[in-house]
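In what follows, a structure is listed as structure tokens, so that the remarks can point back to it.
Rule-based calculations on the coordinates, nothing more; no lab input. If you're wondering where the values come from, they're calculated on a predicted model, not measured in any experiment. Methodologically, a virtual Cβ is constructed for each residue, glycine included, from the backbone with ideal geometry; neighbour enumeration extends over all protein chains shown.
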Amino acid sequence: MSKIIQIFVLCLFLSSCSGYQVKNSENPLSIYGINSLAIPVFINHTPISKVSGPLTDEIKSLMMSYMDLGVQSEYTHKSDAVLLGIIESPRHLKDTSKVTATKFTTGDIANSIGTRNEFFIPSRNQIDLRLRLILIKSPNKLDLEVAKGKFGKYLHGHPRVIFQESLDVSAAFTREISGNLGPDSGGVVNFTKNKRSQQEAIKAASKTVATTFKQEVLDAF
């Protein structure tokens with residue numbers, strides 16, 4: 001008899017797990033009558049370039065994982081709603097991308113600075129942004145213009161706004177530092193390598209934001 005009970009409990013467990021997985025793949029916006037969603041490229045209001053693409057791609061990929069939710073890039077009359085993304089930060093670059101570590105110009109780097117006195121070079125940066133996501137059902141042209149502008153953050157009480165959420169976007173990256181005098185030195189490509197490191201950090205941060213959005217917003221419906 002105990003063996004039968006164990007099998008029964010195991011079946012219940014597997015059934016509950018299966019039900020959880022199915023629930024997670026269902027369209028979380030269907031309770032609002034949203035079965036098709038437009039996600040335009042997010043608006044970048046920061047001094048950091050090329051952040052819109054990775055953030056838009058990760059959020060769009062997340063929404064496309066819900067099999068019964070149609071996702072488009074541009075809003076048309078065929079879309080039930082639009083998800084706008086506004087990327088924000090402090091106005092100045094020095095306040096947005098802060099130096100968190102430095103390296104002194106000694107060793108092989110010393111030869112590259114000539115007769116100048118030694119100084120500290122930034123070796124690690126921390127980028128802190130905010131992604132504001134606004135879901136608007138059947139918006140008109142004025143709704144979209146207001147949402148994209150400086151008054152968009154005050155749309156919480158709008159009857160067509162389903163939600164407006166702000167999420168942290170934090171990316172840290174290490175800078176490439178080396179001499180630039182010798183034919184085999186890496187200094188001449190430092191800038192290119194640093195930009196690549198920054199982009200990789202932003203991509204990683206975008207994945208984290210998408211996961212947070214799912215767990216804290218979508219799964220809460």
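In nm, what is the difference between 0.36 nm times the number of residues separating residue 41 and residue 207 and their Cα-Cα distance?
Values: separation 166, 0.36 × 166 = 59.76 nm, distance 1.61 nm.
Computed gain between residue 41 and residue 207 is 58.1 nm.
Taking amide H as placed 1.01 Å from N in the peptide plane, residue 101 has its amide H under 5 Å from the amide H of 123, 124, each at least 5 places away in sequence or on another chain.
Electrostatic bookkeeping for residue 89 treats Lys and Arg as +1 and Asp and Glu as -1; over the other residues with beta carbon under 9 Å from its beta carbon, the sum is -1.
Return the FRET efficiency for the residue pair residue 216, residue 77: r is the Cβ-Cβ distance, R0 is 41 Å, and the value is rounded to the nearest 0.05.
After rounding to 0.05, the efficiency reads 0.85.
Net charge of the neighbourhood of residue 32, taken over other residues with C-beta under 11 Å away and scored Lys/Arg +1, Asp/Glu -1, is +1. Net charge in the neighbourhood of residue 143 (other residues with Cβ under 11 Å of its Cβ; Lys, Arg +1, Asp, Glu -1) is +3.
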